[in-house]
Amino acid sequence: MSSIHLSRRTVALTLAVLLGVCVPACEAAQTETAVRIIVEKSSRTMKLMRGDKVLKTYKVALSRQPVGAKEREGDHKVPEGEYVVDSKNPHSRFHLALHVSYPNTSDLERARKLGVKPGGNIEIHGLDSKYAWVGSLQRQVDWTDGCIAVTNSEIEEIWPLVSVGTPVEIHADPKPAKRSPKGTAPTPNTTTP
């Protein structure tokens, strides 16, 4: 009888130890932070990356003029190039917002040559509270003013996974940009318009 009691106790103790080790490890795996964000405009996708591993892919809505790179203030286009998340706004009109460092050096130079203002205030964000009920239907229409939009539940998922300083690559199509050496800021896109 005592050997049965001992084996139940042993099993219970073993389970407790395994749960104590496995549960935190599983939680840590679920909260891996992104070290890079890749937006592919043609496929309307945004990928959170950790090295070469895709942590999560989101379908996104873009600007009213989704084709072509942003050149000037008011052109309603999403920029293309290499940027970083330079701030996080928890009080954004669009639920939560990750501010993107547009314009970069190349964008400023292009705008200067064109004699125009480059624009700014580009974000990855959720939905305005009065339109939150739309949810994933917001992806059916490109509606932003140059930003990248996800649902409110998606931006809530993204928020803790992305830190200020995370590189953001925005491409017209799925071709990968030249990656920056680990631990350094991305180099500005030097492609001419």
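Extension gain, Asp128-Ser163: 0.36 nm per intervening residue step, less the Cα-Cα distance, totals 10.4 nm. In this structure the amide hydrogen of Gly146, modeled in the peptide plane, comes within under 5 Å of the amide hydrogens of Ser63, Arg64, none closer than 5 places in sequence on its chain. Here the spin labels are modelled as points 7 Å beyond Cα on the Cα-Cβ line, and at Arg112 and Asp86 they lie 1.6 nm apart. The phi-based Karplus calculation (6.51 cos²θ - 1.76 cosθ + 1.60; θ = phi - 60°) puts the 3J(HN,Hα) values of segment 157-169 at 6, 6, 2, x, 8, 10, 9, 4, x, 5, x, 10, 10 Hz, whole numbers, x for Gly and Pro.
A simple count of charges around Leu137, restricted to other residues whose Cβ falls under 15 Å of its Cβ and scoring Lys, Arg +1 and Asp, Glu -1, yields +1.
From Cα pairs below 8 angstrom and at least 6 apart in sequence, can you work out the relative contact order of segment 33-171, rounded to a whole percent?
Details: 322 pairs, mean separation 46.6, N = 139.
So the answer I get is 34 percent.
Taking θ as phi - 60° and the Karplus parameters 6.51, -1.76 and 1.60, the scalar couplings of segment 44-55 work out to 6, 10, 10, 10, 8, 10, 10, x, 8, 8, 7, 6 Hz in sequence order, x denoting glycine and proline. The magnitude of the dipole of segment 33-171, with charges of +1 and -1 set on the Cβ of Lys/Arg and Asp/Glu and taken from the Cα centre, is near 140 debye. In this structure the amide hydrogen of Lys56, modeled in the peptide plane, comes within under 5 Å of the amide hydrogens of Leu48, none closer than 5 places in sequence on its chain. Here is the result for segment 28-104: no chymotrypsin sites (Phe, Trp or Tyr not before Pro) lie in DSSP coil with at most 16 other C-beta atoms within 10 angstrom of their C-beta. Placing dummy labels 7 Å off each Cα toward the beta-carbon, the span from Ser42 to Thr105 is 2.8 nm. Taking Lys and Arg as +1 and Asp and Glu as -1, the other residues whose beta-carbon sits under 9 Å from that of Val100 total -2. In terms of overall dimensions, the C-alpha atoms belonging to segment 98-152 reach 42, 19, 15 Å along their principal axes, ordered largest to smallest.
Coordinate-derived values only; no laboratory data. Being a predicted model, the structure only gives us computed values, none of them experimental. Here the Cβ is made from the backbone with ideal geometry for all residues, glycine too, and neighbour counts use every protein chain on show.
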